[in-house]
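Student: This is the structure, below, for whatever I ask next.
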Amino acid sequence: MSKYEIPYLTSAIQAFAQRFAMTRQAAFRYLHEHKALAFLVEFYDVEHLQSMDETIDDMLIICRQNGGTLA
């Protein structure tokens, strides 16, 4: 993992938490459980070039594919 990925993941978790009015801890648990964090790590090279809104939309798709229920 590069030194740039951790701040990016932190920002993505924070943005996700804000969009869904949840705590950062709850957002982290949800994203981890539904494999969105693993997705961001695997596809960091593409995802970090998108807007944060597009990244959150992509994370939602991954979460839904893995049993997530947020819309």
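The values are calculated or read from the model by the stated rules, or taken from the named source; none is laboratory data. All of these numbers come straight from a predicted model, not from anything done at the bench. Glycine gets a Cβ as well: all are built from the backbone with ideal geometry, and neighbour counts include every protein chain shown. The protein model used for the area step is the full one, side chains on, heavy atoms only, and it has no ligands, DNA or RNA in it. Shrake-Rupley method; radii C 1.70, N 1.55, O 1.52, S 1.80 Å.
Student: Counting each DSSP H run of 4 or more residues in the chain as -39500 (n - 2.57), what helix-only mean residue ellipticity at 222 nm follows after dividing by all residues, to the nearest 500 deg cm²/dmol?
Tutor: -20500 deg cm²/dmol
Student: Rank H34, S2, T23 by how far each Cα sits towards the positive end of the charge dipole of the chain (+1 on Lys, Arg Cβ; -1 on Asp, Glu Cβ) and give me just the farthest.
Tutor: Positive-most Cα among the choices belongs to T23.
Student: How much accessible area per residue does the range 8-71 have, in Å², with a 1.4 Å probe?
Tutor: It amounts to 59 Å² per residue over the range 8-71.
Student: How much length is gained on full extension from M1 to M22, taking 0.36 nm per residue of separation minus their Cα-Cα distance?
Tutor: Extending this stretch completely gives an extra 4.9 nm.
Student: Which three extents, in angstrom, do the Cα atoms of the chain have along their principal axes, listed largest first?
Tutor: 29, 23, 19
Student: For the range 1-65, which whole percent of the accessible surface, found with a 1.4 angstrom probe, sits on carbon and sulfur atoms?
Tutor: Of the solvent-accessible surface of the range 1-65, carbon and sulfur hold 57 percent.
Student: May I ask you to derive the FRET efficiency for T69 and Y44 from their Cβ-Cβ distance with R0 = 22 Å, giving the value to the nearest 0.05?
Tutor: 0.30
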